[in-house]
Amino acid sequence: MSSYEQNNVFARILRGELPCKKVYEDEFALAFHDINPLAPVHVLVIPKGEYVSNADFAAAAPPELIVGFWRAVAKIAKDLGLDSSGYRLVANHGAQSGQSVFHFHVHIFGGKMMPHDMTKLPGAAAKG
Ligand code: AMP
């Protein structure tokens, strides 16, 4: 995968150059509502660091950032009231996943029953 592009949309949100509907922020992560929600609750969580995707994040991020990021994801889902009803986490990596923004992010989907059929996953392309 190509190297980190400094002017991707999430980098610009992190730098405060673009607005977002913020849900949560701490030293490790920023969370905001997806601009094109695919479920009643659709929040994106991004780490505070320059990582293209999960592979890059897992390999290159310091352990405290990885722990802090994933704890933030769990806290945000809980704070959104999704713990008892359930929720889905999605992190797209690369072309065949449909990744469109190349700053690592996790989608939190909730508020409705999630289909198991991969072709009906939020944002999934119908053909492979
Ligand atoms: P992915 O396809 O996994 O890379 O997800 C990128 C997501 O970012 C999509 O669900 C987009 O709707 C969302 N998105 C793109 N630009 C913005 C923005 N400015 N604010 C919030 N969400 C955005």
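What follows draws every value from the coordinates through simple rules; no lab data is involved. All of these numbers come straight from a predicted model, not from anything done at the bench. Please note: Cβ atoms are built from the backbone with ideal geometry, for glycine as well, and neighbour counts cover all protein chains shown.
Going residue by residue through the stretch 87-94, is there one that turns out to be away from the ligand (no atom under 11 Å from the Cβ), among the charged types (D, E, K, R), crowded, with 19+ Cβ neighbours inside 10 Å and not in a loop (DSSP other than H, G, I, E, B)? Looking for residues that are away from the ligand (no atom under 11 Å from the Cβ), among the charged types (D, E, K, R), crowded, with 19+ Cβ neighbours inside 10 Å and not in a loop (DSSP other than H, G, I, E, B), one finds none in the stretch 87-94, hence no.
Is there a residue being over 21 Å from P19 (Cα atoms), part of a strand (DSSP E or B) and touching a helix residue (DSSP H, G or I) at 6+ places or on another chain (Cβ under 8 Å) anywhere in the stretch 40-47? No - not one qualifying residue is present in the stretch 40-47. If you go through the stretch 1-16, how many residues are within 11 Å of the ligand (Cβ to nearest atom) and assigned to a loop (DSSP other than H, G, I, E, B)? Residues in the stretch 1-16 being within 11 Å of the ligand (Cβ to nearest atom) and assigned to a loop (DSSP other than H, G, I, E, B): 1 in total. Pairing residues of the stretch 96-121 that are at negative phi with residues that are assigned to a loop (DSSP other than H, G, I, E, B) and of a type in the set (V, I, T), at Cβ distances under 8 Å and at least 6 apart in sequence or on separate chains, gives F102/V52; H103/V52; F104/V52. Going through the stretch 29-54 one residue at a time, which ones are surrounded by fewer than 20 Cβ atoms within 10 Å (Cβ to Cβ) and away from the ligand (no atom under 14 Å from the Cβ)? Residues satisfying the conditions are P40, K48, G49, E50. Number of residues in the stretch 17-28 that are within 14 Å of the ligand (Cβ to nearest atom) and surrounded by fewer than 16 Cβ atoms within 10 Å (Cβ to Cβ): the value is 5.
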